[in-house]
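First comes the structure, then the notes that go with it.
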Amino acid sequence: MRLSRMLSAGAVVFVTCGATFAAASRDHHAREWAAGCLGCHQPAGGTIPLLHGQSREALAAKFRAYRDGLQFGTVMPQLAKGYTDAQIDAIAEWFAAAKTR
Amino acid sequence: MTNHARRRVVAAAGLLPFAALAGCATSRTSASRASVVVVGGGYGGATAARYAALWGGDAVRVTLVERDAAFVSCPLSNLVLGGSKSLADITRSYEPLASHGVRVVHDTASAVDVERRRVRLARGDELAYDRLILSPGIDFFFDRVKGLESEEARALLPHAWQAGPQTAALRRQLEAMRDGGVFAISIPRSPYRCPPGPYERACQAAWYFKRAKPRSKVLVLDGNEEVQSKKALFTTAWSEDYKGIVEYRPDCVLTEVDAKTRTARFEIADDVNADVLNVIPPHGAGAIARSAGVITVNNQWCEVDFLTFESKKAPHIHVLGDAIQVAPLMPKSGHMANQHGKVAAAAVLAALAGQPPNPAPVLNNTCYSYITDHEAVHVASVHQYDAKQQTYLTVPGSGGLSAAKNAREGDYGLAWAQSIWAEMLG
């Protein structure tokens, strides 16, 4: 009885850690993908807009508008076509939260 | 690395949030931190150091070894040759990196002891590492062009393919050149650092001549069979903006120079006599890569695992930037090196934490070339990791070029530089 309780407690810890690990990995992938944007999109960038703190929905919509040819631009319409939907959503989410980081 | 240090990296990376509850918490002494040593403070190395420190937190000690006292950018350095920018405009300090957790050691890395995981510095110190990131840029094969072997000859023919004193020396020669003179640029065979760079250089020299010495000529002597980047945009500039000034000659594989008479000789093409001769010599990965034994292709470039940028030859050593054997259509550019730096920093921290790297890294490239002092053109591309082929592939339909030179992108090019320098150096 005691052994099985210990085992089940262990299983809970294991599952929790596993879930945390998966979430942390996703979070890390998002920040790595987002970092790909930060060479240009810095506060020092002047005419290049800053992405931090914009809403997730607005950023993802603008990214897709570039991708789909609905938004005029110079490099962004060409770059946006190279990203997957999952990457676009993860990047938008990361920047939306970035103001608090 | 000790288990202790590994646990710390794991905890800092957010992967073991219950470490403290499990009784694993200990004070973070520098002795038990993992050591990440980065060699080379250019676009690749400074970025990797900055992100290793940012993402690694107090789980890692990050040391950047850089030979030069200040960073001088190769991108925009052609504007210094043209005279519309100064060297000061493209120079930045390494000092802010200290406040971002990066210890900068101004010395030359002279050797790598792969077995003992140590980097030897020219002044005698040794740095121990758990992971080493080499971003050594390029070194030239001066022995592959007859007549370039002596330092005396090279002093007469600055390459200006590493920005700084070389840029200043070539600018002085252009300023001293007579009106009606010939400025010749010799381009090595691809792959070389910065594919559009030589053609932008031709534009900037022509922009200067057009105003200051309008009877002068720019001769582009390409070791390749055609313009290697932004071809239509550059050829348009040469036939419109710089008509009668720039002349392009393909298939000029340089074999020999006479530095005193500024004569260039080629495999097949006719000899050229110039007033200012700019030889960009053949080059490969920087010398420290040779010491580390990570040069694997053609005695020139370093093959890496593209998920982590770890050398295919030496474990625990990652290589980035211009020194690597690139993936298909991946340019050797500062922007690309900056992208490598972030993927490598993340992979190094993951490895130190005993975790797998991000299985789907993506790289982008954006490169501006100046046609005039204020008008630029771009090339852009996106490179997704392909697990099956274990390389980066450009995404079909993505990427592209400017339609024509424009002032808006001239502004963006300058903004790009300010941004990326701030990202790298703080």
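The values are calculated or read from the model by the stated rules, or taken from the named source; none is laboratory data. These figures come from a predicted structure and were not determined experimentally. Heads up, the Cβs are rebuilt from the backbone with ideal geometry, glycines too, and the neighbour counts pull from every protein chain shown. Note: accessible area is taken over every heavy atom of the protein model, side chains too, but ligands, DNA and RNA are not part of it. Shrake-Rupley method; radii C 1.70, N 1.55, O 1.52, S 1.80 Å.
Numbers below:
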item: Hits in the range B:311-325 - residues which are out of contact with any strand residue (DSSP E or B) (no Cβ under 6 Å at 6 or more places or on another chain) and open to solvent by less than 10 Å² (accessible area, probe 1.4 Å); result: B:ALA314, B:LEU320, B:GLY321
item: Of all residues making up the range B:271-305, the number that are touching a residue at least 60 places away in the same chain (Cβ under 8 Å), among the charged types (D, E, K, R) and touching a strand residue (DSSP E or B) at 6+ places or on another chain (Cβ under 6 Å); result: 1
item: Residue among B:ALA122, B:ALA111 that alone is touching a helix residue (DSSP H, G or I) at 6+ places or on another chain (Cβ under 6 Å) and at negative phi; result: B:ALA111
item: Qualifying positions in the range B:103-124 - closer than 18 Å to B:ILE295 by Cα and under 22 Å from the mean Cα position of the chain (by Cα); result: B:ALA109, B:SER110, B:ALA111, B:VAL112, B:VAL119
item: Residues that are open to solvent by less than 20 Å² (accessible area, probe 1.4 Å), more than 7 Å from chain A (Cβ to nearest Cβ) and more than 26 Å from B:ALA327 (Cα to Cα), drawn from the range B:393-423; result: B:GLY410
item: Residue within the range A:85-98 that is free of Cβ contacts under 8 Å to residues at least 12 places away in the same chain and in contact with a Phe, Trp or Tyr (Cβ under 7 Å, 6 or more places away or on another chain) present; result: no
item: Selected residue (criterion: nearest to the other protein chains (Cβ to nearest Cβ)) from residues of the range A:64-85 that are within 19 Å of B:TYR385 (Cα to Cα) and surrounded by 17 or more Cβ atoms within 10 Å (Cβ to Cβ); result: A:GLY82
item: Test: residue in the range A:47-54 that is under 25 Å from B:PRO357 (Cβ atoms) and in a helix (DSSP H, G or I); result: no
item: Flag if B:ALA353 is touching a Lys or Arg at 6+ places or on another chain (Cβ under 8 Å) and more than 26 Å from B:GLY137 (Cβ to Cβ); result: yes
item: In the range B:286-310, the residues that are in a strand (DSSP E or B) and either more than 23 Å from B:GLN384 (Cβ to Cβ) or open to solvent by 10 Å² or more (accessible area, probe 1.4 Å) (or both); result: B:VAL297, B:ASP305, B:GLU310
item: Which listed residue is touching a Ser or Thr at 6+ places or on another chain (Cβ under 8 Å), modelled with pLDDT of 95 or more and either under 20 Å from B:ARG117 (Cα atoms) or open to solvent by less than 10 Å² (accessible area, probe 1.4 Å) (or both), from B:GLY56, B:GLY44; result: B:GLY44
item: Residue ID - farthest from the other protein chains (Cβ to nearest Cβ), chosen from residues in the range A:86-100 that are within 13 Å of the chain's Cα centre (by Cα) and charged (D, E, K, R); result: A:GLU93
item: Residue check, B:VAL10 modelled with pLDDT of 95 or more and either crowded, with 19+ Cβ neighbours inside 10 Å or farther than 18 Å from B:ALA128 by Cβ (or both); result: no
item: The range B:344-392 - residue that is β-branched (Val, Ile, Thr) and more than 8 Å from chain A (Cβ to nearest Cβ) and, of those, surrounded by the fewest Cβ atoms within 10 Å (Cβ to Cβ); result: B:THR391
item: The range A:29-50, residues that are more than 7 Å from chain B (Cβ to nearest Cβ), touching a residue at least 12 places away in the same chain (Cβ under 8 Å) and open to solvent by 30 Å² or more (accessible area, probe 1.4 Å); result: A:ARG31
item: Any pair with Cβ under 6 angstrom, 6 or more apart, that starts in the range B:386-397 at a residue that is assigned to a loop (DSSP other than H, G, I, E, B) and ends at one that is surrounded by 11 or more Cβ atoms within 10 Å (Cβ to Cβ) and at pLDDT 95 or above; result: B:VAL395/A:GLY82; B:VAL395/B:VAL382; B:VAL395/B:GLN384; B:GLY397/A:LYS81
item: Test: residue in the range B:355-362 that is in a strand (DSSP E or B) and within 22 Å of A:MET76 (Cβ to Cβ); result: yes
item: Residues satisfying the stated conditions in the range B:272-285, i.e. within 18 Å of the chain's Cα centre (by Cα) and in a loop (DSSP other than H, G, I, E, B); result: B:ILE280, B:PRO281, B:PRO282
item: Residues of the range B:54-65 that turn out to be aliphatic (A, V, I, L, M) and either within 11 Å of chain A (Cβ to nearest Cβ) or over 15 Å from B:VAL105 (Cα atoms) (or both), as a count; result: 3
item: Complete set of residues in the range B:124-147 that are among the hydrophobic types (A, V, I, L, M, F, W, C), surrounded by fewer than 22 Cβ atoms within 10 Å (Cβ to Cβ) and part of a loop (DSSP other than H, G, I, E, B); result: B:PHE141
item: Matching option when the condition is on the phi < 0 side of the Ramachandran plot and touching a helix residue (DSSP H, G or I) at 6+ places or on another chain (Cβ under 8 Å), among B:VAL37, B:VAL104, B:VAL65; result: B:VAL104
